[in-house]
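Report on one structure; see the data block that follows.
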Amino acid sequence: MHRPRRTTLVALLVLVLAGSFGPITVTAGNEVGSTTQAVTFESVPATLMIIADDKTRAYGEANPTLTYTVSGLMNGDTAETVLTGALATIATAGSPPGSYAITQGSLAANANYTISFTGATLMVVATADNAHAVYVPLVIKSLSSATPTPINTPIQTPTHTPTPTATPTVTATPTSTPTTTPTDTATPTSTPTATPTDTATPTNTPTATSTPTPIPPSNITVYNTGAFFVQYYVSYNLPGSPGQSQSSGVFNINQGVTLAIPGTATNVGVLVQYYTGITGWQTACIRAYPQATDAVVIVSGSIYSATCTG
């Protein structure tokens, strides 16, 4: 009597851990034969979702700890055992107010996972104490290379009138009266009289005939009505001292700053800048004046564009 053969599936299951991903082979055969068959399975790392958290800090302070949330951990794994490294940002304590990206930095997972990362933003804001601080190094260049023209130069007109008066008078009156007497006595009488008179009276009277009139200073005012920070620089030349400059510092929306420059200034240039937080400091407008004058410039616009009037 023929008895059916019993076939038993023998499977070898290999569990791959700690980065040992790769092919898993399962073989099967029957009890009486030698035929085997292999089946290969591929094991791949799991995906780990990491989302960075948005942060905010005041200008001048150190960056806060950059944190994140994690999802997708498998088999009881924790972030502490799976992840190494940290998030990063280019912002430093001296970075001006604005937004800065938070990136993955050196954060990495072990071989059991691949990371799907979503970044965030670090906002640096100005406070009441530093609203007028200068946040970036200032490099001020003269807007004009023209030679300054000195003005209000006092003119000295010395008057030198020497009046020498020399009146020499020499009077010689010789008197000789010989008298012959019987006693042969000669009595000559000679009386020369000389009366020189020399009178010199020099007169030297320097007289300054020009009195300079002081010129009052001029005021340059910039008022910010835009949705951004503003700063401006004023450069000018003074008689005998070219290349002078002043800066306003940074000021916020609905604020204005006035800089006073000497009334003798020439070649006056005004550079107005606005800060977007995205592209950094940008030029809003430039104004130029041949000499010191009172001026008011109003800056307005959105975070992407600024315009000036005045």
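The values are calculated or read from the model by the stated rules, or taken from the named source; none is laboratory data. Quick caveat: nothing in here was measured; it's all calculated off a predicted structure. Counting neighbours? That spans all protein chains shown, and the Cβs are built from the backbone with ideal geometry, glycine included. Surface areas here come from the heavy atoms of the whole protein model, side chains and all, with no ligands, DNA or RNA. Shrake-Rupley method; radii C 1.70, N 1.55, O 1.52, S 1.80 Å.
What to note about this one:
- Checking THR65 against (1) surrounded by 10 or more Cβ atoms within 10 Å (Cβ to Cβ); (2) at pLDDT 95 or above, the condition it does not meet: (1)
- Number of positions in segment 224-233 that are over 13 Å from GLY269 (Cα atoms) and surrounded by 20 or more Cβ atoms within 10 Å (Cβ to Cβ): 6
- The lone criterion from (1) of a type in the set (A, V, I, L, M, F, W, C); (2) part of a loop (DSSP other than H, G, I, E, B); (3) free of Cβ contacts under 8 Å to residues at least 40 places away in the same chain left unmet by ALA111 is number (3).
- Of all residues in segment 234-251, those that are in a strand (DSSP E or B), touching a strand residue (DSSP E or B) at 6+ places or on another chain (Cβ under 9 Å) and open to solvent by 20 Å² or more (accessible area, probe 1.4 Å) total 7.
- Flag for SER99 being more than 30 Å from TYR274 (Cβ to Cβ) and assigned to a strand (DSSP E or B): no
- Conditions (1) at pLDDT below 95; (2) surrounded by 11 or more Cβ atoms within 10 Å (Cβ to Cβ): number failed by LEU73: (1)
- Exactly one residue out of VAL272, VAL296 is closer than 11 Å to ILE220 by Cα and assigned to a strand (DSSP E or B): that is VAL296.
- Segment 49-61, residues that are at pLDDT 95 or above and of a type in the set (A, V, I, L, M, F, W, C): MET49, ILE50, ILE51, ALA52
- Subset of segment 291-308 (residues that are open to solvent by 60 Å² or more (accessible area, probe 1.4 Å) and at pLDDT 90 or above): GLN291, ASP294, VAL296, ILE298, THR307
- Residue within segment 281-290 that is under 27 Å from ALA101 (Cα atoms), open to solvent by less than 40 Å² (accessible area, probe 1.4 Å) and in contact with a strand residue (DSSP E or B) (Cβ under 9 Å, 6 or more places away or on another chain) present: yes
- Only listed residue being without any contact (Cβ under 8 Å) to a residue 24 or more places away in the chain and not in a strand (DSSP E or B), chosen from THR307, THR283, THR279: THR279
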